[in-house]
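Engineer: My structure is below; once you've seen it, I'll send some questions.
The values are calculated or read from the model by the stated rules, or taken from the named source; none is laboratory data. Remember, it's a predicted structure, so these values are computed and weren't measured experimentally. Cβ sites come from the backbone with ideal geometry, for glycine too, and all protein chains shown count toward neighbours. Protein only, heavy atoms only, side chains kept; ligands, DNA and RNA dropped before computing areas. Shrake-Rupley method; radii C 1.70, N 1.55, O 1.52, S 1.80 Å.
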Amino acid sequence: MSEALTKQLEASLAEQYRRVVCDIVRGKTVDREKVEALLVAAGRTPAELEADVAKEKRRLELIEKVLTEASLSKEAAKLHSELEQLREAYRNKKEEYERRILETNRRLRRVSYSLTESRQALQELLALFPELNQQ
């Protein structure tokens, strides 16, 4: 009977200790005297309490990071998709740009050729009819 009671007392002390650690991590105000009494009863030192508080803080930070992984993965996938859309839009615009440059260059060559022919025709006309030079 006393062994069972001892185990219950140890479990109760361990639970109270865990609760105090969690309360400290959450920034709750804890009664210093009660904490000191709990440390004595649980056979813990203030340094161990401090280490357990730091460990609990780190555990909660890690859990938070793990929980954000799914949303971060979703965001990363969305950004990859957006980048691919932008790349595709860029390729399309680049193709259109290159096509328009080629077409404009072709038109410019045709106009330049026609302009050269027109100038040559004027020169020939002036050579055939010198009196036009005076006009």
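Engineer: R91 versus (1) open to solvent by 80 Å² or more (accessible area, probe 1.4 Å); (2) touching a residue at least 12 places away in the same chain (Cβ under 8 Å); (3) assigned to a helix (DSSP H, G or I); (4) not aromatic (F, W, Y): which is the lone unmet condition?
Structural biologist: Against the list (1) open to solvent by 80 Å² or more (accessible area, probe 1.4 Å); (2) touching a residue at least 12 places away in the same chain (Cβ under 8 Å); (3) assigned to a helix (DSSP H, G or I); (4) not aromatic (F, W, Y), R91 comes up short only on (2).
Engineer: While we're here: Looking only at region 20-39, which residues are surrounded by 10 or more Cβ atoms within 10 Å (Cβ to Cβ), outside any loop (DSSP other than H, G, I, E, B) and more than 37 Å from the chain's Cα centre (by Cα)?
Structural biologist: V20, K34, V35, E36, A37, L38, L39
Engineer: While we're on this one: Can you go through T68, T104 and tell me which one is at pLDDT 90 or above, more than 20 Å from the chain's Cα centre (by Cα) and of a type in the set (V, I, T)?
Structural biologist: Every option except T104 fails the conditions.
Engineer: Same structure again: Kindly list, by first and then second residue, each pair from a residue in region 17-43 that is modelled with pLDDT of 90 or more to a residue that is in a loop (DSSP other than H, G, I, E, B) and surrounded by fewer than 16 Cβ atoms within 10 Å (Cβ to Cβ), limited to pairs with Cβ atoms under 8 Å and residues at least 6 apart or on different chains.
Structural biologist: Listed pairs, sorted by first residue: V20/V30; D23/V30; I24/V30.
Engineer: Going through L72, L83, L115 one at a time, which residue ends up being in a helix (DSSP H, G or I) and open to solvent by 90 Å² or more (accessible area, probe 1.4 Å)?
Structural biologist: Selected residue: L72, the only one of L72, L83, L115 that is in a helix (DSSP H, G or I) and open to solvent by 90 Å² or more (accessible area, probe 1.4 Å).
Engineer: Determine if region 83-106 includes at least one residue that is under 30 Å from R18 (Cα atoms) and not hydrophobic (A, V, I, L, M, F, W, C).
Structural biologist: no
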